[in-house]
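No lab work stands behind these numbers, since they all come straight from the coordinates. Keep in mind it's a predicted model, so treat the numbers as computed, not measured. Cβ coordinates were reconstructed from backbone atoms using ideal geometry, including for glycine residues, and neighbour counts include every protein chain displayed.
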Amino acid sequence: MEVLKVSSKSNPNSCAGAMAGVIRQSGAVEVQVVGAGALNQAIKAIAIARGYLTPSGVDLVCVPTFKDIVIDGESRTAIRMLIEDRDRRLPGSATVEAHLTTSRDGDTPAAAVRASPATAADHPL
């Protein structure tokens, strides 16, 4: 799968165009970032790409994970986001189900999240 690396200096519109092109061709792309600035640019690009793809009936889902990488001999933690067409999800893609419930006091919303066993084992927090 193609991996697009986004930095804090990346142009969100350019990244969005690249993402949309890869998603149209293969149904998914991985985006890798290191740092808050890069994550900010990537999230903006995902939102823009969604706007490019929505008119053609493509809706996107984003599955973020952590990945340990080495940059210039230094260990860093990257965030990798699998961006996929919701209707063309890749086989074996991680799934997370979220259910909004009400807490025991009846007033406070509480979210219960259940991840598939493969997701929890493959991507520990």
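Brief remarks follow.
- In terms of other Cβ atoms within 10 Å, CYS15, CYS62 run from fewest to most in the order CYS62, CYS15.
- Positive minus negative residues near VAL3 (Lys, Arg vs Asp, Glu; Cβ under 9 Å): 0
- Taken over segment 3-93, the percentage of Cα pairs per 10 Å bin, counting from 0 up to the bin with the maximum distance, is 18, 50, 26, 5, 0.
- Residue order, fewest to most surrounding Cβ atoms within 10 angstrom, among VAL29, VAL63: VAL63, VAL29
- Residue order for MET81, MET1, MET19, fewest other beta carbons within 10 angstrom first, comes to MET1, MET81, MET19.
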